[in-house]
Protein chains: 2
Amino acid sequence: MIDFEALYSISYGLYIVCSGDKTKGNGFISNTVFQVTAEPARFAACCNKDNYSAQFIQKSGIFSVSVLHKDTSPDIFGRFGYKSGKDFDKMEGMQIRYGETGVPIVLNDAIAFLECKVVQTFDVGTHLLFIGELVQSEVLNDALEPITYLYYRQIKKGVAPKNAPTYVDKSKLEKTATGSAFKKFKCTACGYIYDEAKEGKKFADLPDDWVCPICGSEKEDFIEV
Amino acid sequence: MIDFEALYSISYGLYIVCSGDKTKGNGFISNTVFQVTAEPARFAACCNKDNYSAQFIQKSGIFSVSVLHKDTSPDIFGRFGYKSGKDFDKMEGMQIRYGETGVPIVLNDAIAFLECKVVQTFDVGTHLLFIGELVQSEVLNDALEPITYLYYRQIKKGVAPKNAPTYVDKSKLEKTATGSAFKKFKCTACGYIYDEAKEGKKFADLPDDWVCPICGSEKEDFIEV
């Protein structure tokens, strides 16, 4: 038997993995970056074959990893996590440093970065596993904590874990919702649910410039669920 | 330039990765277990070639992953993290469940487990990267939080991060230590430092059955530093 809840207990960080050069770069939000050897220091980055970034990494043979912190702007997740670089230039307007290899490194909300040169590429099915040797790394801000995937799921989406003081009993919530005709609205970009009962405010009453707290999508990108 | 401090910002969990069968099994503490594809669900586990467990995984083609929680007993880290199964049977006295493939799964301090069948093995230098397809997974305790490598390093070793209220200014600490002849003792197994100044107790005054809070080694395994 496979219990998919068990998969949530595996710990990950959250990163912007970038590739390309000064003329054209692209990046995506990844939770699977991890060291595979110490001597020499090598890191694996897992990338869906359909990701636009996969082409950049394969072509250039380099990638950078920007480590995100806990209060990373939703715009960063929106830009790099829920939109494709096929449609627009993700690097435009970002604070970029170019590494020793020329790879773009996103500095926005980054507390550290790694720069790697691909030495091996493994096909693991739907994804490619790029093994990169570390050529440069730097701490940019040691006062902020790295964000974990768990934190992003549990805290940033506003759903606290069962044992936390902020836990909301869903059965109670649904009862309230039914009783007072509260509705739920889903972000079509990232799946975030705006729950009127929990927020204590009608979705329609939110200001026009309100954006999805997860991916930065606009109000009109939400549908009632 | 490579700043090795930057590498600490990459997030990991901590797991017991086991292999073998009912007659003989072995396991080790790993921080590099991660999902590489969703369809089908496949996980990578990274294992040093010199690890006794590497032979077990290669021979049996199966491995289990026990997800450890924040208050995991130091004995578990001592047994699976700092000792080799070449010298003794790590499974002896442990609570073991045998998976669908017959692989031993350690239940002590586990909040969830995965059972995987190796479908690919990649040589990444000093380590092997085993790609395993998920055959079984289960949540054993959803009230406890998974331990992260950061938590293990920072909290379990008693050194709080710079911005935490419990942070100890090292320069002040050394001053106190010099002033009152406090000493430091290092665990030769795991490197843990017992700091008399910080603990407020002489190492010599600790009871004879005191063990290293990290790996469970005995007092006599400590040396003055």
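Considering every residue in A:136-142, what mean count of other chain Cβ atoms within 10 Å of its Cβ is obtained?
Mean partner shielding for this stretch: 5.
With 20 Å as the limit, write out which pairs from A:K22/A:K117; B:K183/B:K219; A:K70/A:K184; A:K59/A:K86 have Cα-Cα distances beyond it, or answer none. Intermediate values should be presented prior to the final figure.
Numbers: A:K22/A:K117 16 Å; B:K183/B:K219 15 Å; A:K70/A:K184 26 Å; A:K59/A:K86 16 Å.
Long pairs (Cα-Cα over 20 Å): A:K70/A:K184.
From the residues B:C47, B:Y8, B:F63, which one has its Cα farthest along the dipole of the range B:1-69 in the positive direction, the dipole being from +1 and -1 charges on Cβ of Lys/Arg and Asp/Glu about the Cα centre?
With unit charges placed on the Cβ atoms, the residue in question is B:F63.
In terms of modelled amide H atoms, which long-range or inter-chain residues lie less than 5 Å from the amide H of B:H69?
Residues meeting the criterion, in which the H sits 1.01 Å from N, are B:I111, B:I147.
In what order do B:S30, A:S19 fall by count of nearby beta-carbon atoms within 10 Å, going from fewest to most?
Listing B:S30, A:S19 from fewest to most nearby Cβ atoms yields B:S30, A:S19.
Based on the Cβ-Cβ distance from A:Q58 to A:L107, what FRET efficiency comes out when R0 is 22 Å, to the nearest 0.05?
Numbers: r = 25 Å, r/R0 = 1.12.
With a Förster radius of 22 Å, E is 0.35.
Need the full-extension length gain, B:E39 to B:D89, defined as separation in residues times 0.36 nm minus the C-alpha distance. One decimal, nm.
On the way: separation 50, 0.36 × 50 = 18.00 nm, distance 3.63 nm.
Between B:E39 and B:D89, full extension yields 14.4 nm more.
Could you identify which residue out of A:G85, A:G27, A:G93 has the top mean-square fluctuation in a GNM of chain A using Cα springs shorter than 10 Å?
Among A:G85, A:G27, A:G93, the largest mean-square fluctuation in the Gaussian network model of chain A belongs to A:G93.
Work out the length of the dipole vector of the protein assembly as shown about its Cα centre, built from +1 on the beta-carbon of each Lys and Arg and -1 on the beta-carbon of each Asp and Glu, and round it to the nearest 20 debye.
Working: 52 positive and 60 negative charges, 9 e Å.
Its charge dipole is roughly 40 debye.
For B:E138, which sequence-distant residues (separation of 5 or more, or a different chain) have an amide H within less than 5 Å of its own amide H, given hydrogens modelled in the peptide plane?
HN-HN under 5 Å from B:E138: A:D3, B:F113.
For chain A, set up a Gaussian network in which alpha carbons nearer than 10 Å are linked by springs, and say which option among A:L140, A:L206, A:L14 fluctuates the most.
Residue with maximal mean-square fluctuation among A:L140, A:L206, A:L14: A:L206.
Suppose you put the label 7 Å out from Cα in the Cβ direction; list, shortest first and in nm with one decimal, how far B:R153 is from each other copy's label.
B:R153 label point versus its equivalents elsewhere: 2.3 nm.
Ignore the peptide's own chain and count Cβ atoms of other chains within 10 Å of each Cβ in B:46-55; give me the average, rounded. Present the calculation step by step, with values, prior to reporting the outcome.
Working: counts 5, 0, 2, 0, 0, 0, 0, 0, 0, 0.
That average works out to 1.
Using a 7 Å offset from Cα along the direction of the beta-carbon, what are the separations from A:T121 to the same position in each other copy, nm, ascending?
Label-point distances to the other copies, shortest first: 2.6 nm.
Given springs between every Cα pair under 10 Å in a Gaussian network model of chain A, which of A:N51, A:N26, A:N141 has the largest fluctuation?
Top of the fluctuation ranking is A:N141.
Please compute the average number of Cβ atoms from other chains found within 10 Å of each residue's Cβ in peptide B:108-119.
Values: counts 0, 0, 1, 2, 7, 3, 6, 1, 0, 0, 0, 2.
If you average over the peptide's residues, the count of other-chain Cβ atoms is 2.
Show me, bin by bin at 10 Å from 0, the whole-percent P(r) of the protein assembly as shown based on Cα pairs.
4, 18, 27, 26, 17, 7, 1
So what are the ³J(HN,Hα) numbers for the range A:126-135, from phi and the Karplus equation (6.51, -1.76, 1.60; θ = phi - 60°), rounded to whole Hz, Gly and Pro as x?
Ordered by residue, 3J(HN,Hα) equals 6, 10, 10, 10, 8, 9, x, 8, 5, 10 Hz.
Using 1/(1 + (r/R0)^6) with R0 = 41 angstrom and r between the beta carbons of B:T121 and B:D75, what's the FRET efficiency to the nearest 0.05? Walk me through the numbers on the way to the answer.
Details: r = 31 Å, r/R0 = 0.75.
Efficiency computed from Cβ-Cβ geometry: 0.85.
Give the order of A:E92, B:E196, A:E115, A:E133 when sorted by the count of other beta carbons within 10 angstrom, beginning with the fewest. Don't skip to the end; give the middle numbers.
Numbers: A:E92 8, B:E196 20, A:E115 25, A:E133 16.
In order of increasing Cβ crowding within 10 Å: A:E92, A:E133, B:E196, A:E115.
Kindly provide the helix-only [θ] at 222 nm of chain B, computed as the sum of -39,500 (n - 2.57) over DSSP H runs of four or more divided by all residues, to the nearest 500 deg cm²/dmol?
The per-residue figure over chain B is -4000 deg cm²/dmol.
What is the order of A:S217, A:S84, A:S137, fewest Cβ neighbours within 10 Å to most?
On the way: A:S217 19, A:S84 13, A:S137 24.
In increasing order of surrounding Cβ atoms, one gets A:S84, A:S217, A:S137.
Given H placed on each backbone N at 1.01 Å, which residues far from B:G132 in sequence or on other chains put an amide H within less than 5 Å of it?
Amide H neighbours of B:G132, under 5 Å, 5+ apart: B:F43, B:A44, B:A45, B:V119.
Separation between the B:K183 and B:Y151 pseudo-spin-labels, each 7 Å from Cα along Cα→Cβ, expressed in nm?
3.5
FYI, it's all coordinate maths here, none of it is from the lab. Since we're looking at a predicted model, the values are computed, not measured. FYI the Cβ positions are ideal-geometry reconstructions off the backbone, even for glycines, and counts take in every protein chain you see.
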